[in-house]
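Inspection log for the structure reproduced underneath, given as structure tokens.
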4 protein chains.
Amino acid sequence: MTVKIGVIGLGMIGRDHLKRFHTVISGAQISAVCDIHHAAADAVAKEYGATAFYDAEEMIYSDVVDAVFICSIGPAHQAQILAAFKAGKPVFCEKPLTPTAEESQAIINAEVKAGKRLLQLGFMRRFDPGYQALKQAIAAGELGDIMLIHCAHRNPSVPESYTLEMAINDSATHEIDIIRYLLNENISTVRVDIPRKKTRRALPHLQDPLMVIFETESGVRIDDELFVNCHYGYDIRCEVIGENAIAALTEQALINTRSVHGNAQHITQSCMERFATAYDREVQHFVDNVAAGRDMSGPSSWDGYVVALVCDAGLASLKDGETHAVVIPEQPALYR
Amino acid sequence: MTVKIGVIGLGMIGRDHLKRFHTVISGAQISAVCDIHHAAADAVAKEYGATAFYDAEEMIYSDVVDAVFICSIGPAHQAQILAAFKAGKPVFCEKPLTPTAEESQAIINAEVKAGKRLLQLGFMRRFDPGYQALKQAIAAGELGDIMLIHCAHRNPSVPESYTLEMAINDSATHEIDIIRYLLNENISTVRVDIPRKKTRRALPHLQDPLMVIFETESGVRIDDELFVNCHYGYDIRCEVIGENAIAALTEQALINTRSVHGNAQHITQSCMERFATAYDREVQHFVDNVAAGRDMSGPSSWDGYVVALVCDAGLASLKDGETHAVVIPEQPALYR
Amino acid sequence: MTVKIGVIGLGMIGRDHLKRFHTVISGAQISAVCDIHHAAADAVAKEYGATAFYDAEEMIYSDVVDAVFICSIGPAHQAQILAAFKAGKPVFCEKPLTPTAEESQAIINAEVKAGKRLLQLGFMRRFDPGYQALKQAIAAGELGDIMLIHCAHRNPSVPESYTLEMAINDSATHEIDIIRYLLNENISTVRVDIPRKKTRRALPHLQDPLMVIFETESGVRIDDELFVNCHYGYDIRCEVIGENAIAALTEQALINTRSVHGNAQHITQSCMERFATAYDREVQHFVDNVAAGRDMSGPSSWDGYVVALVCDAGLASLKDGETHAVVIPEQPALYR
Amino acid sequence: MTVKIGVIGLGMIGRDHLKRFHTVISGAQISAVCDIHHAAADAVAKEYGATAFYDAEEMIYSDVVDAVFICSIGPAHQAQILAAFKAGKPVFCEKPLTPTAEESQAIINAEVKAGKRLLQLGFMRRFDPGYQALKQAIAAGELGDIMLIHCAHRNPSVPESYTLEMAINDSATHEIDIIRYLLNENISTVRVDIPRKKTRRALPHLQDPLMVIFETESGVRIDDELFVNCHYGYDIRCEVIGENAIAALTEQALINTRSVHGNAQHITQSCMERFATAYDREVQHFVDNVAAGRDMSGPSSWDGYVVALVCDAGLASLKDGETHAVVIPEQPALYR
């Protein structure tokens, strides 16, 4: 069966996924695209031979769509997800699940009520071969008990629309999820350290870089350097310190080049480039689950909810510089 | 459409592909398996819910099969391929296309007569991200004109059945194909240098290592170290020397581990591990072409034929130590 | 002129320096050795053909000694240094200058009164080619303005005598000095973060690892992971984050080895091994200055004093977890 | 004792050594400089406070000189060395010992007659920490029996005066010596493979790159890529393939820099930069031997002679493309 996909939201990430469906993904076709900007929807629909919609719910309930792929802005997510649930159609939703943890509650309630997972959340890093190798090394016990993790999250630059809060909600959010994935436990405290120095490449409203310090339930300490105007590339680092050994992501480079610039390994320039394989795999994973009639798996609504709770604590610390605890309700059995 | 795949030959590579179809490949299902060993065919058929065949032609002509996946021994290839062509079914064939260049001629004739490509050959390295990045760097002109390539092809060990000729036909064959892929030109001469030293890990009938020297039509000199009892891993190296810069495959490692063994990057232990992504991609490529009703693409019968011609020259040099020329007939338009 | 060296203190570092004088250093000879343990002094004196002393002052004033090399325990330093100053003999002193910043004051006063530098302090890292390359990259402006530094200081293990305070006074002390060296500015605040997790390889009285956070006068934030039972090696890391680029120490490995343990680079097992070149160079630097009749240069009493002030703030933070300011008196012109 | 050094020949390498004596070497002073160009000798003598000579023998016999440091052109070496021997003064001589193997015979005869080593030859690579680590790994048996070595010798560019013969006599000469050093055995055959391609950066009279194939007495096969207009740097590679493991020189880089050019390690731009430590150490080794009144040690006249024999075979192969044997007379006991 070829899965008929309806994509909502035709911004940068939406278009990136469309290209992915067109060139890489097997077993699916773009049957519908939806955007509130009619011209955008029409143009993209024409390009991909899909039906154009301007209203998300209309598309969700349409027969031309088997599965819903949400790439719209965060505030639109909750309603679109719940509509898809109601229509009985599997959902892939780009992060964040919802802008606040509170709004995610309704989604979790709906899934719990349905008694099965209906949604896969777009935490693509869990599909990255590098992080998977790290997780495997941890799980195999090679490193022994983990005590510290050093992370860095660097973007070449960010647009003017990027706010200080987004450093937590859009950038650190990835490390928050991946730490939970690597360690199989939750984060219990967050503290944001604001260095006195900031790069002159950052716009005046931004402090850049930031250092965020997390502690997990068992006491693992993680520091996360967020540096979103680092100038040189999109650069994601992760080093896990255990009692026996230390493992870290390599450069993930395929070739070395010896030239007048020395012996060099390419550094990726965007998350799309760095996580291309991860994006491909998360989408194929979704399509394969839909095609086989299986429940959704991979990153869940619950993951989205818990990450939002940690972000909330981070935002609070951003204001007062104190360490904030993260209070996580009991995890429903569905997500265990 | 889900492509119904019939696999012929259930040895190591056949079983590896079966697992791949089961866990990674989208849009296909194993509908039939065939092996002259009835018990093997029956057991595997049961495991994958497929129909067992003991006769290849019977399977090829059967309705339960849309596409033929040949993993049998080399001498069986020609007849099976021609049968599949006759049955109008697309073929994936593991290398070598045929044991000798001469036998490949009938396959090429059949394809040329059909006026379209009917077969994808299993030169999986062309789907390896590392080699693709090398090719891209060459094609982009970053390195300037290419003059030399240094290759190494190392296996941890080989079974007793491995003969000196297989160093050319089974091992060097991969470098022969990939050089053509990287440089877009043919190899014109081959010389095998037999070092006086051999590893004591090699069985008495084997000289190991060997050095094979190729020259391409334009004059690029390639040396290929073939060392099939290197003990430590399956290790494939390639360094391309150009007028402006040099590019080489990196370790292709995902993580660094700091332990009592130093700072280490894992080295793969088999071709299945080293080229896992390449194998996945070549098979998905085949399935996608079949599902879409497209002609075959990727490594062709012609590639298999030309590589066999180069191997023949290599075998001649293995005997007399001289430089042997490779005479390649005119390339049919179909393969350009 | 061959400089006649008198070494005080024949413990581990003292004996390491003796071997260095014997095998690597040019223009000097060990003419005297001194230890309160008579048997140790006698044995070493015999081995090196030197005169044995049991009393430091006696050796310092003896004619057989041109220059004084202090490797005794910290509490003995002040008296020995001042005696050497009085005797008009140049001093090399292993760190710490004195156990407390207060005791260092008398040494600084003496030098300032003399109007010239009389002592070189054993901060050997300033002579490490790796750190020198880092400093050069910073000074050359390649990195732009510096904002963050990530350090790690890892020992394979520590003896039972190692206390939590020593994590600051003996381990972090090196990063404290090298940060001042790299950045040409002082540290203004210190905070010790005590992770909840500790390695089970640490003895019960030790929290290990620790994270120490420094801020410099201009606002550069430095984190220093102190992990003194890391098990796998003596491993020193330093990554400097600037507005334009990032520079970090490499593995400093001379060879890669491909074996059943993967592709590996050796990690040093002790400070003597890691900083062998640095130790050689600092001592040769001292000897060359003495031989040429020049004033002392390189790490100074003032450096030792300021580092001690930072350590004092670190010890205070170790107790209360708060950020502590470092108050540094005006720097005498002699040390500018 | 401070050794009074007289330097003959004030070209590039001579001036580099002068600077070395001035800034790095302990226990020596430049007391005399000699050049047939009076103005050069006068200027350099003034700069270093040394006595100027225009005639080498005059300087050699002068009382202001304890030891003779020969940096003149090759054809002048024999006479200068023999004069120094006659004057009873230790000699450091830059490579080549003499332009032909034949001329070296007289030097060897003189040393053998004297019954002690009187000369250290400037094969500085033996003092390179990287090569020393390689040798140590081989000697320790980590790699098992050695079968192959892959070398590359790359210069950014060469002047018009550089001839094809110099690729053997000036460039390959270093690999020839270092192979003997690493393996403790001699080279028995040489073959030069001339690739059809040459870089357009090479001047018309030069084939560049070349591949030289050596075989040692025990049968180790070495290939040496000589590429003297590689454009990007002075780049020396060496990979040693053994039965158990493989060891290779690393980048020898002290820092990694992450910038818009990717993650890069600096590649040196000249032999002076690449082998700075090796040059420092070989000269200090010479000075220390002289100061201590010891016989000369390190690379010997015999090494120079044998390397010249191998070069002769290489030059013969350059002409006819054949494999040439190297016939080495019995080694005098003095050099064992």
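The values are calculated or read from the model by the stated rules, or taken from the named source; none is laboratory data. On a predicted model such as this, the values are computed, not experimentally measured, just so you know. As a convention, Cβ positions derive from the backbone with ideal geometry for all residues, glycine included, and neighbour counts pool all protein chains shown. Protein only, heavy atoms only, side chains kept; ligands, DNA and RNA dropped before computing areas. Shrake-Rupley method; radii C 1.70, N 1.55, O 1.52, S 1.80 Å.
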### Message
With viscosity set to 0.692 mPa s at 37 °C, what whole-number translational diffusion coefficient in µm²/s follows for the protein assembly as shown from Stokes-Einstein and a Kirkwood radius over Cα pairs?
### Response
94
### Query
Dividing the Cα radius of gyration by the Kirkwood radius, what Rg/Rh value follows for region D:64-149?
1.11
### Task
Please find, in a Gaussian network model of chain B (springs between Cα atoms separated by less than 10 Å), the residue of B:39, B:248, B:202 whose mean-square fluctuation is greatest.
B:39
### Message
For residue B:184, project a label point 7 Å along Cα to C-beta. Then give me every residue of region B:306-336 with its amide nitrogen under 15 Å of that point.
### Response
B:336
### Task
List the residue from chain B whose beta-carbon is nearest to the axis that rotates chain B onto chain A, together with that distance in whole Å.
B:26, 2
### Task
Just the number, please: percent antiparallel of the DSSP beta bridges in the protein assembly as shown, rounded to the nearest 5.
55
### Query
Whose amide H sits under 5 Å from the amide H of residue A:262, counting only residues 5 or more places off or on another chain, with H placed in the peptide plane?
D:267
#### Entry: Debye-sum result for chain B in log10 I(q)/I(0), which assumes one identical scatterer on each alpha carbon, at q = 0.08, 0.11 Å⁻¹
-0.39, -0.75
## Note on the structure
When chain C is treated as a Gaussian network with springs between alpha carbons less than 10 Å apart, the largest mean-square fluctuation among C:320, C:280, C:224 is found at C:320
### Task
Excluding residues on the same chain fewer than 8 positions from residue D:113, give the aspartates and glutamates whose Cα lies under 17 Å from its Cα.
D:103, D:295, D:330
### trypsin sites (Lys or Arg not before Pro) restricted to region D:199-255 and DSSP loop, no more than 13 other C-beta within 10 Å
D:200
### Query
Hey, which of these cross-link pairs are over 30 Å Cα-Cα: A:319/C:197; A:135/C:197; A:86/B:19; D:89/D:135; D:19/D:89?
A:86/B:19; D:89/D:135
### Task
With N set to the residue count of region B:129-274, report its C-alpha Rg divided by 2.2 N^0.38 Å to two decimal places.
1.11
#### Entry: D (Stokes-Einstein, µm²/s), Kirkwood Cα radius, region A:281-336, 0.890 mPa s at 25 °C
180
### Task
Between copies, how far apart are the residue D:321 label points? List them in nm, one decimal, shortest first, with each point 7 Å from Cα toward Cβ, please?
1.7, 7.7, 7.9
### Query
Which distance in nm do the two modelled labels at residue C:39 and residue A:73 give, with both placed 7 Å along the Cα-to-Cβ direction?
8.2
#### Entry: Ascending list, in nanometres, of distances separating the residue C:270 label from those of the other copies (7 Å, Cα toward Cβ)
3.9, 4.4, 5.4
### Query
To the nearest 10 degrees, how steep is helix D:77-87 against the longest Cα principal axis of chain D, on a 0 to 90 scale?
40
### Task
Give me a single rounded figure for D:139-152: the average over its residues of other chain Cβ atoms within 10 Å of their Cβ.
3
### Query
So what are the ³J(HN,Hα) numbers for region A:200-209, from phi and the Karplus equation (6.51, -1.76, 1.60; θ = phi - 60°), rounded to whole Hz, Gly and Pro as x?
6, 7, 7, 5, x, 7, 10, 8, 8, x
### Message
What is the angle, in °, between the Cα long axis of helix C:301-320 and the longest principal axis of the Cα atoms in chain C? Nearest 10 is fine, range 0 to 90.
### Response
50
### Query
Just how much of residue A:38 is accessible, in Å², when a 1.4 Å probe is used and the result is rounded to the nearest 10?
100
### Query
In nm, what does the list of distances from residue C:292 to its counterparts in the other copies look like, shortest first, when each label sits 7 Å along Cα to Cβ?
2.4, 7.2, 7.4
### Query
How much length is gained on full extension from residue A:54 to residue A:86, taking 0.36 nm per residue of separation minus their Cα-Cα distance?
9.6 nm
#### Entry: chain B: relative contact order in percent, alpha carbon pairs under 8 Å with at least 6 residues between
20
### Task
Restricting things to alpha carbons, find the Rg to Rh ratio for region B:1-129 using the Kirkwood radius for Rh.
0.95
### Query
What's the angle, to the nearest 10 degrees (0 to 90), between helix D:101-114's Cα axis and the longest principal axis of chain D?
50
### Nonlocal amide H pairs with residue A:328, under 5 Å, H built at 1.01 Å
none
